[in-house]
Every structure is written in structure tokens, then in C-alpha cells.
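Participant: Got a structure for you, questions after.
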Amino acid sequence: MSQLCVLNRAILVSRCTERLKQRSLWFQRQQRLHVEGPNPAAAACSKRRSKSWLWLCGLGLGVAVAVGLKTNREKANVPCGDGENLRIGGYEAAIEASRELLKRIQAEVGAPGLVVGVSVNGHQVWSEGFGYSDLENRVPCGPTTVMRIASISKPLTSAAAALLCEEGKLDLDAPVQKYVPEFPVKQFDGQDVTITPRLLLSHLSGIRHYEKDGRKVREKAKRPLKPPAQETEEEKSSAESKPNTQENSAQAKKEFEQEEYYLKDNFENVIQALDLFKDDPLIYKPGTTFLYSTHGFTLLSAVMERASGQRFLDLMMSMFYELGMDHTVAEQNDPIIYHRSRFYHVNKKGRVVNCPYVDNSYKWAGGGFLSNVEDLLLFGNALLYSYQVAQLQDPKNLLPGFLKPKTIQELWEAVDRTESNSNKDHLYAQGWMVVKEKHKYGQCKRRRCFVSHTGGAVGASSVLLVLPTDEALDGQTLPRGVVVTILMNVQGVGLKSTAFKIAHEFDKSI
């Protein structure tokens, strides 16, 4: 609760209590006068009136306190934080504009529910749910609602891999067979090729995604981008972020026709999950072409498991504990997970229906975790802090970052040959999508640097976006910037441009 909320509450309670005391003393004096007087009946009547007034005053005090607290929360929109550098009540306009945007998106795509979380300079200033996490039982979404985060699992996995590198347990440039001999040495054009953990982190391994037909993948990659004259207004105004255009939406729906999205088989460990793809031919020669691959991250998780000597999920849970991410877990059907959402999709008739049961044990590392917005904000800020501490010449008395300076810089450094065919402005780093700063013409649009990752799974769409400040760092208050995350319990919705717009709304209010 913010200082403003506490102050208003204290003032309200103090005033009501003082008024109640004054009224009570007045009635006591009147009662004594009547009792000492010659009229016992009047004294009894006065005593009854005194008790009635005391009861009414007590009821009034309770109502006043409740109304006052509700009013305070509404005025502050519950962006209450305890940070010294948080401007209490300074984000009402940004919250209102973002709320209106999200309501429009929700109506446009027919999403049963969504949750948004925003932090500014390391402090959560807004989190809110819209719609329902469970339509059938009308359970509303809220900040604690747990949903599938889909491919946001990849940045989580890359952070855990970075920790193993810092401990000297994982060599990013060693062949994967050093750790996982069960994965066969691959060939391309009749020659042996090498796949390393570094290539897996940046989707340069050549390992397939959900589409098994390499010919189809290569033909799709050769399709030219639309010329500028054919771009929509949203595409022109959002060069930094891939919009949810009709074409992209159609591509997403087509991808969800892939059978492997709906696997119901349970895999006991990540080594066993390799059987799905380890014998399939490579789509590209490793190191030459960007090909987004969730299966590549499954292989990475097997490498991490062998390098650490721990089960992959144990390794991840240890990191979540260190970060304070108490609501982030691997998705499993049996355990009771509080506030877990149900998941939906829109059928061919335009109706919202329940998604089929799936088992995501084949892709923990690339898309198998559950979380909520509050945990994801913690994660985004932990990495932003590490990144900005690394930029300071003299960190003074600041605590070290979760990741070492060299580690976080590599994690967010765009890798060559990772531009996607759909958007040349986006490059991939290690488990993160990166957009570099660009200012082409004076007094014209300037593109800010930011990192992000989106996610799409059965019954889920998600985004986590980190927009660092463009001001000079003073080394006193870190992190500096805006972190936005959105979770939605319907599949096939692009949320990056929405998150970017929300980040800018709050960035303007700093």
C-alpha cells in the first residue's frame, strides 16, 4: 500500500474516531443528568437513545472507512508501491489509456480473459485482470491468475543456462554430444556438422520447429516481404514491433494445426523428449540461417541437465526461488496449482470453446511453464538491473546483478544472421528478441532499443517486454525503465505491439 493510501486511511479513521468519541461523551453527560434527576423513566429512555446512537455511530464509522479505502484504491488504481522513487498517483493517465487499449484488444480477438502487469524503475505500478480465467464458473482474472506463458519459457531457460556458464559447468561452444551422446551427430548435404548450445540459444542450429517438411519451411522463408506501399497503417506506425495483422493471425492459426501442439504423451525426462525429433534431418546448415525452434530448446535443456548434474526442472526451480518467483512452475496436470486459468480458443464458427487437454512435458524449456504477471515483472527487472549495473563505471554501493556484466551483455546482444523474414528490424540474441536503437532522420521518428519475447501455446498468448531508459544512468536508482507483461487465455493473438504501446505510455509518465 502506498504512502498516499496509508495517509488517507489514517486521516479518515482519525476524524471518524474523534467524532464518535465526542458524540459518546455528550450522551454520557446527558445520561448522568437524567439519572440524577427526579425522572427515572426519562433516564431509562435517554440510556436507550444513547445505546442506539452509539450503535449507529459505530456502523457509520465502518461504512466510512470502507468507502474511504475503496475511494483511495480507485484513485490510485492500486499502483501502490513502496519505492522511494515511485511517483504516487503519477500514472493515472497511462493506466487509463492502457486499460482502454486492452479492452479493445480483448473485444477484437474474443479473449475470455487477460492480465497485465507494468513496472516502472523496478516497482510494480499497475496490475489488473480483465474478463474471466474460468468462463464456466465466472472466475475473474486478477494479478495472481496463473497462465501458460508459452515461449516466454525460453528467456527463463536462457537465464539458467547463463548461470551454468558463470559456474564453469557449461561450454556454449562445445558440441552438444559432449553432454548428450544420445543425440546423433547430424549431417547436412552429406557432411557432418556441429551443433552447439550457443547455436541452440539463438535458433541457428537448423533443427526443425513444429513443421517437419523442410521444403515447405524453406519455400516460406523465400517469400519476399511486402513492399512499404502495401503495409497497413499499424505496420507503418509500429516498425519496432510485429503487429497482429490479419496475415500474422492467419499464420498463427495455421501453425496451431500442427499435430505436435496437441501431444498428450507424458515424457518422464528431457532426454526422452529428444525422441520426437533427434532423427529428423536438419532444415538448414547450423550457423547459417535463423529458424525458430522450440525443439532446439528441448535439446538445450538436456544439455543443461547433464552439465549441471541436476534434473532440468530442479535446476529451474532453484533459479525461480532465488528470483522470488514463487508462482512459476512447470505445467503438470496432477498438482493443484492455485489460481490456474482454464484455456480457450475460438472455433471455426467464431465461438469461444475449451481447448483440448495437452501435455507440455516435451517442451519444458521452450514453452512449458506457468506463471503470473507479478513473477514475470520480477524476472524482467532482475535482468534489467543486471544489464544496467554492467554499464556503470563505478557501481558504488549497489548490489551485484543476478547475472554478471559480461553474461547479461551477451544475453541481450543481437546475433548475426538472426533477422526473421517477417521483420528485418528484429534480431535474436540468446533467448530474447532484440530491437536496436535507430534514429535515421533529424526531428523524425526515433526507434528505442528494447528486448522482448512473445509466446503462443494451446489456449494461451503472452508477451514480456523490457524498455530500458534512454537517459544517462546515475548509479543511484536502478533499474531504470519500463517492464510490461501480458498474459491471455486464448491462443493465436500477437501482443508485442500492444505491450510496446503500453510501455511508451508509462515511459512518458516517468
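The values are calculated or read from the model by the stated rules, or taken from the named source; none is laboratory data. Just so we're clear, the structure is a prediction, and the values are computed from it rather than from any experiment. Cβ sites come from the backbone with ideal geometry, for glycine too, and all protein chains shown count toward neighbours. Accessible surface is based on the protein model in full, side chains and every heavy atom, while ligands, DNA and RNA are left aside. Shrake-Rupley method; radii C 1.70, N 1.55, O 1.52, S 1.80 Å.
Participant: Treating cross-link reach as a plain straight distance, find the aspartates and glutamates whose alpha-carbon is under 18 Å from the alpha-carbon of LYS508, omitting any fewer than eight places away in the same chain.
Facilitator: Qualifying aspartates and glutamates at Cα under 18 Å: GLU92, GLU96, GLU100, GLU240, GLU437, ASP470, GLU471.
Participant: For segment 340-359 and segment 131-146, compute the distance between their C-alpha centroids and round to whole Å.
Facilitator: 14
Participant: Within 10 Å, count the other beta carbons around each residue, average over each peptide in 293-306, 381-394, and list them highest first.
Facilitator: Descending mean neighbour count gives 293-306, 381-394.
Participant: Which net charge results for the neighbourhood of PRO112, defined as the other residues with beta-carbon distances under 9 angstrom from its beta-carbon, given Lys and Arg at +1 and Asp and Glu at -1?
Facilitator: 0
Participant: Also, I was wondering about something else. Mean 1/r over all different Cα pairs, inverted: what Kirkwood radius does segment 360-510 give, in Å? Before the final figure, lay out the partial values.
Facilitator: Details: mean 1/r = 0.0600 Å⁻¹.
When all Cα pairs of segment 360-510 are included, the Kirkwood radius is 16.7 Å.
Participant: Further question: Run the dipole for segment 111-207 about the Cα centre, Lys and Arg Cβ at +1, Asp and Glu Cβ at -1, nothing else charged, and hand back the magnitude in debye, nearest 20.
Facilitator: Charge dipole, segment 111-207, about its Cα centre: 120 debye, nearest 20.
Participant: Output wanted: per-residue J couplings in Hz (rounded whole) for segment 444-461, from phi through Karplus 6.51 cos²θ - 1.76 cosθ + 1.60, θ = phi - 60°, x for Gly and Pro.
Facilitator: 10, 4, 10, 8, 7, 7, 7, 10, 6, 7, 9, x, x, 9, 4, x, 7, 9
Participant: What are the ³J(HN,Hα) couplings of segment 201-215, residue after residue, when phi is run through the Karplus curve with 6.51, -1.76, 1.60 and θ = phi - 60°? Round to Hz, x for glycine and proline.
Facilitator: So the Karplus estimates, Gly and Pro as x, are 4, 10, 6, 10, 7, x, 5, 5, 9, 7, 7, 8, 7, x, 4 Hz.
Participant: Could you calculate the FRET efficiency of GLU268 with GLN191 from 1/(1 + (r/R0)^6), where r is the beta carbon distance between them and R0 is 30 Å, rounded to 0.05?
Facilitator: 0.30
Participant: Let me ask something additional. Modelling each spin label as a point 7 Å along the Cα-to-Cβ direction, I'd like the LEU399/GLU471 distance in nm, to one decimal.
Facilitator: My value for the distance between the label points is 2.3 nm.
Participant: Could you run the Karplus curve 6.51 cos²θ - 1.76 cosθ + 1.60 with θ = phi - 60° over segment 382-390 and give me ³J(HN,Hα) per residue in whole Hz, x for Gly and Pro?
Facilitator: My calculation for segment 382-390 gives 4, 6, 5, 4, 4, 5, 7, 4, 5 Hz in order.
Participant: Can you tell me which aspartates and glutamates have their Cα less than 20 Å from the Cα of LYS404? Leave out same-chain residues fewer than eight positions away.
Facilitator: Within reach: GLU166, GLU167, ASP171, ASP173, GLU322, ASP394, GLU413, ASP474.
Participant: Mind giving me the FRET efficiency for ARG417 and GLU259? R0 is 30 Å, r the Cβ-Cβ distance, nearest 0.05 is fine.
Facilitator: E between ARG417 and GLU259, to the nearest 0.05, is 0.50.
Participant: Using a 1.4 Å probe on the protein heavy atoms, what percent of the accessible area of segment 371-510 belongs to carbon and sulfur?
Facilitator: 47
Participant: Normalized C-alpha radius of gyration of segment 305-394, against 2.2 N^0.38 Å?
Facilitator: For segment 305-394, the normalised Cα radius of gyration is 1.42.
Participant: Another one. Pairs LYS438/LYS496; LYS436/LYS501; LYS222/LYS501; LYS278/LYS436; LYS220/LYS424; LYS154/LYS216: which are spaced more than 23 Å apart, C-alpha to C-alpha?
Facilitator: The pairs that break the limit, which is 23 Å between Cα atoms, are LYS222/LYS501; LYS278/LYS436; LYS154/LYS216.
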